[in-house]
1. Please name all residue pairs, on different chains or six or more residues apart, with Cβ atoms under 8 Å, provided the first residue is in segment 395-410 and is small (Gly, Ala, Ser) and the second residue is outside any loop (DSSP other than H, G, I, E, B) and buried (at least 16 other Cβ atoms within 10 Å of the Cβ).
2. Taking the options 337, 325, 302, 394, name whichever one is in a helix (DSSP H, G or I) and more than 30 Å from residue 19 (Cβ to Cβ).
3. Go through (1) over 28 Å from residue 23 (Cβ atoms); (2) away from ligand 3 (no atom under 16 Å from the Cβ) and name the single condition residue 117 misses.
4. Given (1) surrounded by 20 or more Cβ atoms within 10 Å (Cβ to Cβ); (2) part of a helix (DSSP H, G or I); (3) more than 18 Å from the chain's Cα centre (by Cα), where does residue 78 come up short, assuming only one miss?
5. Could you figure out which of (1) touching a residue at least 40 places away in the same chain (Cβ under 8 Å); (2) more than 16 Å from ligand 3 (Cβ to nearest atom); (3) assigned to a helix (DSSP H, G or I) isn't true of residue 279?
6. Inspect segment 93-104 for any residue being of a type in the set (S, T, N, Q), at pLDDT below 90 and part of a loop (DSSP other than H, G, I, E, B) and give the result as yes or no.
7. Sort through 344, 308, 302 and tell me the only one that's of a type in the set (D, E, K, R), surrounded by 16 or more Cβ atoms within 10 Å (Cβ to Cβ) and more than 16 Å from ligand 2 (Cβ to nearest atom).
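The values are calculated or read from the model by the stated rules, or taken from the named source; none is laboratory data. None of the values given here were measured: they were computed from a predicted structure. FYI the Cβ positions are ideal-geometry reconstructions off the backbone, even for glycines, and counts take in every protein chain you see.
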Amino acid sequence: MDVKVFQFNGCNKCFNESLLLKLSSDLDVEYIKDPKTWKEEEIETAVITGYVLPSDIDLLIKIRSKAKKVIAYGSCPVSGGIYALANQNGHETTPLKNLVDNVIEIEGCLGEIDELKSVIKDLELTKPRKLCDLCTRRATCEYLDTVNRQIELDDEETCFNDLGFLCSGFVARECKERCIDYNTPCRGCKQLVGRSGIRMLGMFGTLMGNIEVATEHSVKGATDKLADEEDDVTRSLPDILGNFFRFTLTTSGLPKGRIPSSGSLLEDLFTGRLIEELPLITGLIGGDKSISLTLKIIESYEKANQMEVSEQTKKYREKLLRLEEKLHDAIEKEDAEQYKEITEKIRQIAGNMNLSNVFFGGFKSKIKDEDDFEDYKSHIFEVVEGTYKNGSVEYSIDSEGIIKEIKIKE
Ligand code: SF4
Ligand code: SF4
Ligand code: SF4
């Protein structure tokens, strides 16, 4: 079976993950890093990775017309993924299915390779379970009166939502990356139900009981802002859009926003997000540089605010950086075996390829059984207004920890 994988815009992590298709001897896979250079030919299966824009339509129509099967692999081509948050600032990331017909969608950030293999081979997919059904945390059903922004690591038994940390597990499907296993609430990259952001918003409002969510209404429509500035939920959860519509803005039914763009889609995606979300976002979208990018963001903040990190933390971080170099090598050579081996090693430290275990001050969960976790456990940090710079990354946050400006040299 011949398969062509096309990388469009943004993060290349799903494109790289598709290297694992080469481990199936019945698949003949070719990787096209720049779709503009593709010489048109008949294709059995075309796999599209990265986010797409209306300006990609001509190329996408060509691919659609030549391919028997077109698969949108990963949240980026399915919904614009996390990049679609830039639509708040007038950008136009769009689901692939809005540009061409007959698209099979495999959602997930990272997209799941086993699902991709099954769809290529026309195998039946197993019925997905709700993520909560696989979670070891348990609901207490206590009323909440605050939402907590930073992750408190001491309770590993109670449902994140009952602790006041927004977790989208209620509306998510089971997944391979399992952020929830690394003290990170689910951010809903694999929807179990349609319009999951709206449902989650409703559910969370109910859970909070005495906290009112007000939705701004305008005849023209806008998703610039979803709540009044003075209500409790806005004070405790300043980025409603980024928290509830992280992967689903384009499919939520909400209109585009009217906040002026900085001119850069990447910067617009980050602006308005929260400091504690920064490493989580770079872990998702950093592609083959996600480790170095995430550590640059974290370390610039730690250094400027004199946050001490342990020798063990430094050792694990150095190990991750060395693994990233080896990963580049495997990707360059299109060596699927080496890619598999290296990504497994990254997962052992970082939890998953979203780097859920990597955080300010250390790591969120124990890496090896024999370790003394106290030696590298991450901790709650103070939000300090300022500008933070480290090599190719510079960002500014306000006193609430909201990102006001960011520059990332690609
Ligand atoms: S941002 Fe997520 S869905 Fe998009 S390419 Fe990267 S890993 Fe895949
Ligand atoms: S909402 Fe999150 S923390 Fe709570 S049970 Fe579901 S997956 Fe676990
Ligand atoms: S736990 Fe993580 S990988 Fe799994 S659905 Fe939630 S956000 Fe996605």
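1. Note: pairs meeting the criteria are 396/388; 396/403; 396/406; 401/274; 401/275; 401/276.
2. Details: 337 fails: more than 30 Å from residue 19 (Cβ to Cβ); 325 fails: more than 30 Å from residue 19 (Cβ to Cβ); 394 fails: in a helix (DSSP H, G or I).
Step by step, each of 337, 325, 302, 394 is checked, and only 302 is in a helix (DSSP H, G or I) and more than 30 Å from residue 19 (Cβ to Cβ).
3. (1)
4. (3)
5. Result: residue 279 passes all but (2).
6. The first filter runs over segment 93-104 and keeps only residues of a type in the set (S, T, N, Q), leaving 93-94, 98, 102.
Add one more test, that the residue is at pLDDT below 90, and what stays is none.
Looking through segment 93-104, none of the residues is of a type in the set (S, T, N, Q), at pLDDT below 90 and part of a loop (DSSP other than H, G, I, E, B).
7. Details: 344 fails: surrounded by 16 or more Cβ atoms within 10 Å (Cβ to Cβ); 308 fails: surrounded by 16 or more Cβ atoms within 10 Å (Cβ to Cβ).
None of the other options fit; the residue is 302.
Here's the yes/no breakdown for (1) closer than 24 Å to residue 84 by Cβ; (2) in a loop (DSSP other than H, G, I, E, B); (3) more than 16 Å from ligand 3 (Cβ to nearest atom):
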{"position": "6", "(1), (2), (3)": "yes, no, yes"}
{"position": "18", "(1), (2), (3)": "yes, no, yes"}
{"position": "30", "(1), (2), (3)": "no, no, yes"}
{"position": "40", "(1), (2), (3)": "no, yes, yes"}
{"position": "44", "(1), (2), (3)": "no, no, yes"}
{"position": "48", "(1), (2), (3)": "yes, no, yes"}
{"position": "57", "(1), (2), (3)": "yes, no, yes"}
